[in-house]
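Student: The structure under discussion is supplied below as structure tokens; questions concerning it will follow.
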Amino acid sequence: GVINILTLGPMQWQGVRAMAEYGSGATWRLSGSIYNKVSKHVGLSLSVSGGASDGFFTNEYTGNKCDWEHSLSARFKTEWRPAANVSVLNTFAVSRLDQGGYPYEYMQTGVISYNDTCSYYRVCMSDGVTVSVRLPRFTLSSITSWQYIDDDMHLDQDFLPLDYFTLRQKRKEHVFTQDFVLRSRNSGGYNWLTGLFGFYRDMRMDAPVDFHDDGIAALIEQKRNEANPYFPIHWDERSFELLSNFKYPSYGVALYHESTLCIGRWDLTAGLRADLESPSLSYTSECHTSYSLYDNSDGICSFLRKVPVDIADQGHMRHTYVQLLPKLAAVFRLTSGSIVSNLY
């Protein structure tokens with residue numbers, strides 16, 4: 001779905017706002033905003049926010065807090081009203097988030113204790129432009145948005161003070177949306193809206209998993225040799241990588257209409273949305289390593305041969321969905337502004 005967030009605008013209010021917070025875990029946050037109407041038709045605002053936390057949970061292996069956090073964000077807004085019935089709003093936002101690990105505890109011990117790096121880092125940028133034209137009988141709006149996410153996660157996947165396996169997941173994502181909305185104005189007992197919405201999303205992710213010595217010994221060698229002790233194996237490398245790469249583009253369009261009839265205290269609404277969405281996935285999985293095979297059938301372990309492990313899998317899949325989403329609503333106001341029921 002699409003979330004429309006409305007924030008304070010420089011054409012409605014001018015001045016300076018500031019906020020400071022402090023809480024447990026040495027958690028603090030500071031923010032400041034300035035709103036200025038530079039001319040009769042143009043307003044500008046800038047908001048900056050930052051914060052940090054020492055965290056609340058301790059990793060017993062390192063003795064340090066594992067859920068610390070640092071954040072910084074800024075938002076710049078421009079409002080332009082070239083005519084009495086036309087408004088243009090642009091909002092650009094950027095944020096940075098840097099976090100420590102994850103306070104997951106091992107169920108058998110109830111203790112948070114792991115030895116490999118856990119962290120999360122993200123940079124996010126977005127820009128949205130809304131153009132509205134108010135005519136005597138209806139309002140036409142165009143909402144265009146772009147969002148970019150670049151994140152990087154390190155994860156000790158076993159969450160133990162042992163070297164089993166780790167993950168590093170890096171993702172980059174672009175999302176573009178466009179919405180055209182036609183909405184009735186001053187229609188008395190009948191109101192309606194019609195819209196056309198489209199989006200395109202391009203996400204690319206690398207998620208290699210590194211197997212380490214304890215994981216190779218306990219999860220591969222031990223399991224394999226218990227199943228066939230007469231021909232045991234020994235992994236040649238005490239660390240190897242499973243490469244995984246994903247490309248996930250998707251797009252969608254939707255056409256929708258909603259009509260509301262006001263009869264006394266009753267608001268009766270009927271609507272229909274025709275939705276088409278087409279996601280696809282392309283993936284590549286690779287691993288290049290080897291193990292040594294031994295003969296222990298006569299009680300004397302002797303080397304037989306080296307066995308390469310070369311995996312190179314790839315594939316592609318796509319599916320297209322078409323949905324008709326009807327809506328029926330009945331609202332009864334006991335008094336002005338009080339809703340008794342909202343039935344869908």
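Student: For region 281-319, how many residues meet the condition of being of a type in the set (D, E, K, R) and farther than 20 Å from residue 236 by Cα?
Tutor: Adding up the residues that qualify gives 3.
Student: Sort out for me the strands (runs of 3 or more DSSP E) sitting completely within region 290-344 that have 3 or more residues that are at pLDDT 95 or above.
Tutor: The strands (runs of 3 or more DSSP E) meeting that bar are 302-318, 321-333.
Student: Which residue pairs have Cβ atoms closer than 7 Å, lie 6 or more positions apart in sequence or on different chains, and pair a first residue in region 148-171 that is without any contact (Cβ under 8 Å) to a residue 12 or more places away in the chain with a second residue that is surrounded by fewer than 16 Cβ atoms within 10 Å (Cβ to Cβ)?
Tutor: none
Student: Considering 54, 67, which residue is surrounded by fewer than 16 Cβ atoms within 10 Å (Cβ to Cβ), touching a residue at least 12 places away in the same chain (Cβ under 8 Å) and of a type in the set (D, E, K, R)?
Tutor: That would be 54, the only listed residue that is surrounded by fewer than 16 Cβ atoms within 10 Å (Cβ to Cβ), touching a residue at least 12 places away in the same chain (Cβ under 8 Å) and of a type in the set (D, E, K, R).
Student: Could you check region 110-151 and list, in sequence order, the residues that are over 28 Å from residue 201 (Cβ atoms), in contact with a strand residue (DSSP E or B) (Cβ under 8 Å, 6 or more places away or on another chain) and not in a strand (DSSP E or B)?
Tutor: 112, 113, 114, 115, 116, 117, 137 - these are the residues of region 110-151 that are over 28 Å from residue 201 (Cβ atoms), in contact with a strand residue (DSSP E or B) (Cβ under 8 Å, 6 or more places away or on another chain) and not in a strand (DSSP E or B).
Student: Hey, another quick one. Among the residues of region 182-203 satisfying the criterion of being hydrophobic (A, V, I, L, M, F, W, C) and modelled with pLDDT of 95 or more, which is surrounded by the fewest Cβ atoms within 10 Å (Cβ to Cβ)?
Tutor: Selected residue: 196.
Student: Also, I was wondering about something else. Looking at region 98-112, I want the residues that are over 13 Å from residue 59 (Cβ atoms) and have a partner that is open to solvent by 60 Å² or more (accessible area, probe 1.4 Å) with Cβ atoms under 6 Å, at least 6 apart or on another chain. Which pairs are those?
Tutor: Cβ pairs passing all conditions: 98/70; 98/121; 99/69.
Student: Quick one: which of 210, 214 is touching a strand residue (DSSP E or B) at 6+ places or on another chain (Cβ under 7 Å), closer than 30 Å to residue 159 by Cα and modelled with pLDDT of 95 or more?
Tutor: Just one listed residue meets the conditions, 210.
Student: Residue 219 fails exactly one of the following numbered conditions: (1) assigned to a strand (DSSP E or B); (2) surrounded by fewer than 16 Cβ atoms within 10 Å (Cβ to Cβ). What is the number of that condition?
Tutor: Failed condition: (1).
Student: Then there is this: Please tell me if residue 206 is surrounded by fewer than 17 Cβ atoms within 10 Å (Cβ to Cβ), closer than 21 Å to residue 121 by Cα and without any contact (Cβ under 8 Å) to a residue 60 or more places away in the chain.
Tutor: Considered against the rule, which asks whether it is surrounded by fewer than 17 Cβ atoms within 10 Å (Cβ to Cβ), closer than 21 Å to residue 121 by Cα and without any contact (Cβ under 8 Å) to a residue 60 or more places away in the chain, residue 206 comes out as yes.
Student: Hey, among 251, 256, which residue is on the phi < 0 side of the Ramachandran plot, open to solvent by 80 Å² or more (accessible area, probe 1.4 Å) and of a type outside the set (S, T, N, Q)?
Tutor: Of 251, 256, the one residue that is on the phi < 0 side of the Ramachandran plot, open to solvent by 80 Å² or more (accessible area, probe 1.4 Å) and of a type outside the set (S, T, N, Q) is 251.
Student: Those residues that are open to solvent by 70 Å² or more (accessible area, probe 1.4 Å) and either of a type outside the set (Phe, Trp, Tyr) or part of a helix (DSSP H, G or I) (or both), I need them from region 225-238; list them, please.
Tutor: 226, 227, 234, 237, 238
Student: Being open to solvent by 80 Å² or more (accessible area, probe 1.4 Å), assigned to a strand (DSSP E or B), modelled with pLDDT of 95 or more and of a type outside the set (S, T, N, Q) is true for just one of 272, 281, 276. Which residue is that?
Tutor: 272
Student: Of all residues in region 101-154, how many are closer than 30 Å to residue 195 by Cα, in contact with a Cys (Cβ under 9 Å, 6 or more places away or on another chain) and of a type in the set (A, V, I, L, M)?
Tutor: Here the count works out to 1.
Student: Might you check whether a residue that is farther than 15 Å from residue 68 by Cα, touching a Gly at 6+ places or on another chain (Cβ under 8 Å), surrounded by 17 or more Cβ atoms within 10 Å (Cβ to Cβ) and not β-branched (Val, Ile, Thr) occurs anywhere in region 108-124?
Tutor: Scanning region 108-124 turns up at least one residue that is farther than 15 Å from residue 68 by Cα, touching a Gly at 6+ places or on another chain (Cβ under 8 Å), surrounded by 17 or more Cβ atoms within 10 Å (Cβ to Cβ) and not β-branched (Val, Ile, Thr).
Student: Here's another thing I want to ask about it. On the given criteria, is residue 291 in contact (Cβ under 8 Å) with a residue 24 or more places away in the chain, in contact with a Leu (Cβ under 9 Å, 6 or more places away or on another chain) and either more than 27 Å from residue 208 (Cα to Cα) or not β-branched (Val, Ile, Thr) (or both)?
Tutor: The answer is no for residue 291.
The values are calculated or read from the model by the stated rules, or taken from the named source; none is laboratory data. These numbers were taken from a predicted model, which means no experiment stands behind them. Counting neighbours? That spans all protein chains shown, and the Cβs are built from the backbone with ideal geometry, glycine included. Surface accessibility is based on the protein's heavy atoms, side chains included, excluding ligands, DNA and RNA. Shrake-Rupley method; radii C 1.70, N 1.55, O 1.52, S 1.80 Å.
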